[in-house]
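Notes follow once the structure below has been shown.
Only the coordinates and a few stated rules stand behind these numbers; no lab work does. Since the structure is predicted, the reported quantities are computational estimates derived from the model, not experimental observations. Don't worry about glycine lacking a Cβ; one is built from the backbone with ideal geometry, like all the others, and counts go over all protein chains shown.
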Amino acid sequence: MDDRGQTIFVAGHRGMVGSAIVRRLKAQGHERILTADRQTLDLLDQGAVRHFFIENRIDQVYLAAAKVGGIHANSTFPAEFIHDNLVIQTNVIHAAHLSDVDRLLFLGSSCIYPKLAEQPMREDALLTGTLEPTNEPYAIAKIAGIKMCESYNRQYGRRYRSVMPTNLYGPNDNFHPDNAHVLPALMRRLHEAKEAGRASVMVWGTGRAKREFLHVDDMARASVFVMAMDEAVYAANTRPDLSHINVGTGEDCTILELAEALARVIGYEGQLAFDATKPDGTPRKLMDVSRLKAMGWRPEIGLEDGLRETYGWFLAHQADLRS
């Protein structure tokens, strides 16, 4: 299906994932890409969102807007994480339906799975156990988004699909020292230690927790791939009540291995020290991506290549990231 003449709304276009989706769509020849910053459209305002959809005659929606953060931010602001994410996705999904938008892609997170889920985590692990306490409010919101999409599909015949990315990184990531995720936080800390000539860098946790990392440009490719997928192929590989799709590499590494790879890319030669009094979070988070592979998609960017490209972007945008 050639949908290049359709109007596509990318919610959250200034974020890491949303900006990557915009880049991908433009590379494919899409010209009618609709975006709105927070001053133009407050996604927490139900009336404003409804008016925006009525005014713009939208054909497709990529729902990449969300309140996100690392362990520290999730632990400090749990009310904001559950409230804001529930409201944003409720407003956008319902407004899309009311405006007869038939195609929507909801972006979730691997934290929807139980803390002790069998590894690698399959889609059918959803709602089978207790969530990781540090990000439970965020995870609950994302689970609700999946079930909203499935409910509108079941009741109204919509094509609202959900993708669950593993840990993402890349251009436009959040490098803030207090609320960034582990990879950009470590990248910034190691860079600043190198610049200051520090002999060691402290890393939260034991270093033994394992994580999977996917470059955001691969995530954008997967998102557009799933959105454009033929309905028969999608239906053959999912279930109406278990329709979300994992997106990842299928490979993970320890936080120690990540820190060592970052040190190589950055050129930091000091010592890596680990603070075991700080939480590790979930012991391991590896996605089972066999469902997406069966549909014909594979990642293209290796971890060290992706880290090198991301560090180059970080260096080029340091002035904008200082805070």
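Starting from the Cα coordinates of the range 184-237, work out the convex hull volume and express it per residue in Å³. List each step's numbers first, then the result.
On the way: hull volume 5.6 nm³, N = 54.
Given the Cα convex hull of the range 184-237, per-residue volume reads 104 Å³.
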(Q) How far apart, in nanometres, would the label points at LYS26 and GLU300 be if each is projected 7 angstrom from Cα along the Cα-to-Cβ direction? (A) 1.7
(Q) Could you tell me what a quarter of the Cα convex hull surface of the range 25-176 works out to, in nm² with one decimal place? (A) 10.4
**Q.** Matching label, Cα extents along the principal axes in Å computed from the structure shown, candidates [x] 89, 45, 39; [y] 59, 42, 38; [z] 87, 53, 40
**A.** [y]
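Of the peptides 261-267, 190-196, how do they stack up when ordered by the mean number of other Cβ atoms within 10 Å, highest first? Don't skip to the end; give the middle numbers.
Values: 261-267: 18.1, 190-196: 16.0.
By packing density, highest mean first, the sequence is 261-267, 190-196.
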Q: Round to the nearest 10 and give me the degree value, 0 to 90, for the angle of helix 303-316's Cα axis relative to the longest principal axis of the chain.
A: 90
Q: Determine one quarter of the surface area of the Cα convex hull of the range 120-170, which equals its mean projected area, and express it in nm² to one decimal.
A: 4.9
Q) What list of whole percents do you get for P(r) of the range 221-270, with Cα-Cα distances grouped in 10 Å bins up to the one holding the largest distance? A) 19, 31, 18, 20, 11, 1
Q) How far is helix 182-196 tilted, in degrees, relative to the longest principal axis of the Cα atoms in the chain, given as a value from 0 to 90 rounded to the nearest 10? A) 40
**Q.** Count of lysine pairs in the chain with Cα separation under 19 Å (8 or more residues apart, or interchain)
**A.** 10
Q) Roughly what angle does helix 46-56 make with the longest principal axis of the chain, taking Cα atoms, 0 to 90 degrees, to the nearest 10? A) 60
**Q.** chymotrypsin sites (Phe, Trp or Tyr not before Pro) within the range 11-93, DSSP loop, no more than 10 other Cβ atoms inside 10 Å
**A.** none
Q: Hand me the GluC sites (Glu not before Pro) from the range 223-323 located in a DSSP loop with no more than 12 other Cβ atoms within 10 Å, in residue order please.
A: GLU269, GLU300
